[in-house]
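Everything below concerns the one structure shown next.
The values are calculated or read from the model by the stated rules, or taken from the named source; none is laboratory data. Just so we're clear, the structure is a prediction, and the values are computed from it rather than from any experiment. Here the Cβ positions follow ideal geometry from the backbone for every residue, glycine too, while neighbour counts run over all protein chains shown.
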Amino acid sequence: MSRDLGILWRSIRAESRIFWRSPVGAFFTLGLPLIMLVLFVALFGNDSIGHPEYGDITTAQFYAPGLGVFAAASATYTNIAINLSMRRDDGILKRVRGTPIPPWVFLGGVILSAVWVALVATIVMLGLGVAAYGVELELDKVPAMIVSFVVGTICFATLGVALTGVAKTAAAAPAIANATILPMGFISDVFIPLDDPPSWLTWAGNVLPLKPFAVSFTDAMSPFTATPGFQWGRIAILLAWTAVGGFVAWKTFRWEPVPGAPKGRRRRNRSAVV
Amino acid sequence: MTNAIDVSGLTKAYGDLRAVNGVSFSVPEGQVFAILGPNGAGKSTTVEILEGHRERDSGEVSVLGLDPATGGRAFRDRIGIVLQEAGVDKELTVRETLDLYSTAYTHRRSIAEVIELVELDEKLDTRISRLSGGQQRRVDLALGLIGTPELIFLDEPTTGFDPAARRRSWELIQGLAAGGTTVVLTTHYLEEAEHLADNIIVMAGGKVVAEGTPESLRQNASTESVIRFGLPQVDARVEELFEPLHGKAQGRDRRIEITTTKPTADLAHITGWAVARGIELDGLIVESLTLEDVYLRLVGEDA
Ligand SMILES: Nc1ncnc2c1ncn2[C@@H]1O[C@H](COP(=O)(O)OP(=O)(O)O)[C@@H](O)[C@H]1O
Ligand SMILES: [Mg+2]
């Protein structure tokens, strides 16, 4: 067991190095959401809402955590699906499978390093909000933020592993990842909250995993929610999706490339969106 | 002496293709064992079944006393695998890569020792993306050796190497064998199998078509000779030339090739026939069959 923890630690370190040494992936994960924050504020303004009870609140108070969640979901779900399937096509997973490294330790390293990247991306996002746009954090609700963040990122990381199992080759993974996460983004209050969406969209948002993550995290930063701000119903939905992802991954995950899968596309070729 | 590997009646099909079709062999502990054969012979399929990477359709397989299909972690802790084609994360340096994988093994070699074995000392802190193909192959080898395996599988370890690099790899493999490691290697270079192996099986079309030590294969080879000559356009009846021969004649475009175990008698008959008719045979030569001739015949590439 202590050997396994040693492997896990080294594996997390190696996975993180691999990530940060691939500039394109790092840019998409960190840079793009930041650019979106700057754009949102520039386009829609950062008006102060003078509120009788809470004082001055800026709209960035809602954009920043929403985009932080989006960055975290793409750092886990999208990145894992793309990179892991590419590494499978390259025969890296097959190599790992031929060593005594236990599968759960390897995948644990992949998931935890993605959570770490997500943490960095979200902190940078909130940091920009605080430094440039008057975003404020309430210490009392930070525990609720942490719970939401940990459960949400592990959920999306698990779904990323599941998607790797479902995608036959690395060519399919980015398409599936973007085709799922982007539409979800629009109905999940991570960009701009929708005014009066049709009720089925509201329903879809509530049962899919992104909105529970976004709402539980954003609300923990909203001055309108009461302390301590935990949203256990939303957390339960995230846990249910984690279980679904774990089950699909368990049933579909392969370590071998499909015969004839093209190799060597080590540079990320993702579409222009996160 | 116990066997590191026992295989009998191994089969594996991909759809209709019988990639491995009833293969049996044993590898005594401490031996270098070569599986020789052309591309598509079924070598990789065979070794990957022994490594636990692929599932067999039928047959008995015992590797280090375990079934590789169910041996799990304890099994993989005792073997080293160098796949024919395996990826490695190119963003990491050689040292980081070795460090990552070495932690997983009970009997790990130090990075310093492994790196010296594969002669990559100067590249230790270089990212793998900046290594040449041959250097990356040595990283594969280093990863195969890092757990001090009792048994190492090398699937075409030197394909694409220049002769000097191949020689160095051979020395490394001989060093491993001298240290008691059992080595199973596949190759399509006859020379490599002949040079390194204690025992060789020759595979073609999923079957074992010959087996033995390099010496015994060579001896079988040298019992046969080939007589070659060009037959000019003549009026003489060629049946009188060919029928009394001991050996087997093949001809194309008037180039004749006779494979025989009685070269002296056959040559006397041929030259007697030609002299009696005043015919000069073009480029007449007699050679003993080389191991290479035998090999090419066995694998059906001697067109
Ligand atoms: N995963 C696979 N799926 C389908 N066919 C395969 C697969 N692997 C190998 N083959 C086929 O099986 C035959 C034997 O292949 P292989 O074992 O790789 O031979 P070798 O290593 O001797 O070149 C080849 O015809 C090859 O195309
Ligand atoms: Mg092969």
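Points worth noting:
- Output for region B:46-63, where each listed residue is part of a loop (DSSP other than H, G, I, E, B), of a type outside the set (Asp, Glu) and more than 12 Å from ligand 1 (Cβ to nearest atom): B:52, B:56
- Extreme residue, farthest from ligand 1 (Cβ to nearest atom), among residues of region B:152-165 that are outside any loop (DSSP other than H, G, I, E, B) and surrounded by fewer than 22 Cβ atoms within 10 Å (Cβ to Cβ): B:164
- The single condition among (1) within 13 Å of the chain's Cα centre (by Cα); (2) within 16 Å of ligand 2 (Cβ to nearest atom) that residue B:160 does not satisfy is (1).
- Test set (1) assigned to a loop (DSSP other than H, G, I, E, B); (2) surrounded by 14 or more Cβ atoms within 10 Å (Cβ to Cβ) - residue A:195 fails condition number: (2)
- For region A:27-65, the candidate set comprises residues that are at pLDDT below 85 and of a type in the set (A, V, I, L, M); within that set, the residue that is nearest to residue A:119 (Cα to Cα) is A:57.
- Among the residues making up region B:67-82, a single one is in a loop (DSSP other than H, G, I, E, B) and within 7 Å of chain A (Cβ to nearest Cβ): B:77.
- Tallying residues that are in a strand (DSSP E or B) and either of a type in the set (D, E, K, R) or modelled with pLDDT under 95 (or both) within region B:18-45 yields 1.
- Region B:183-235, subset of a type in the set (Lys, Arg) and away from ligand 1 (no atom under 14 Å from the Cβ), residue nearest to residue B:48 (Cα to Cα): B:218
- Of all residues in region B:83-102 being of a type in the set (Val, Ile, Thr), in contact (Cβ under 8 Å) with a residue 40 or more places away in the chain and more than 7 Å from chain A (Cβ to nearest Cβ), the one that is surrounded by the most Cβ atoms within 10 Å (Cβ to Cβ): B:94
- Within the option set B:127, B:54, being touching a strand residue (DSSP E or B) at 6+ places or on another chain (Cβ under 8 Å), within 13 Å of chain A (Cβ to nearest Cβ), over 30 Å from residue A:17 (Cα atoms) and modelled with pLDDT of 95 or more holds for one residue only, B:54.
- Selection of region B:103-118 for residues being crowded, with 16+ Cβ neighbours inside 10 Å and more than 9 Å from chain A (Cβ to nearest Cβ) yields B:108, B:109, B:111, B:114, B:115, B:117, B:118.
- Members of region B:1-45 found to be within 13 Å of another protein chain (Cβ to nearest Cβ), within 16 Å of ligand 2 (Cβ to nearest atom) and more than 15 Å from the chain's Cα centre (by Cα), listed by number: B:14, B:17, B:19
- Among the residues listed as A:188, A:216, the single one being among the small types (Gly, Ala, Ser) and not in a helix (DSSP H, G or I): A:188
- Residues being in contact with a Phe, Trp or Tyr (Cβ under 8 Å, 6 or more places away or on another chain) and within 16 Å of ligand 2 (Cβ to nearest atom) - total across region B:46-72: 3
- Matching entry among A:56, A:90, A:47 (being within 14 Å of another protein chain (Cβ to nearest Cβ) and among the acidic types (Asp, Glu)): A:90
- Region B:83-111, residues that are part of a loop (DSSP other than H, G, I, E, B) and among the charged types (D, E, K, R): B:85, B:89, B:90, B:91, B:108, B:109
- Scanning region A:85-102 for residues that are touching a residue at least 60 places away in the same chain (Cβ under 8 Å) and closer than 22 Å to residue A:166 by Cβ turns up A:85, A:86, A:88, A:89, A:90, A:91, A:93, A:94, A:96, A:97.
- Filtered residues of region B:36-45 (kept if surrounded by 16 or more Cβ atoms within 10 Å (Cβ to Cβ) and either within 18 Å of residue B:74 (Cα to Cα) or near ligand 1 (Cβ under 8 Å from one of its atoms) (or both)): B:37, B:38, B:41, B:42, B:43, B:44, B:45
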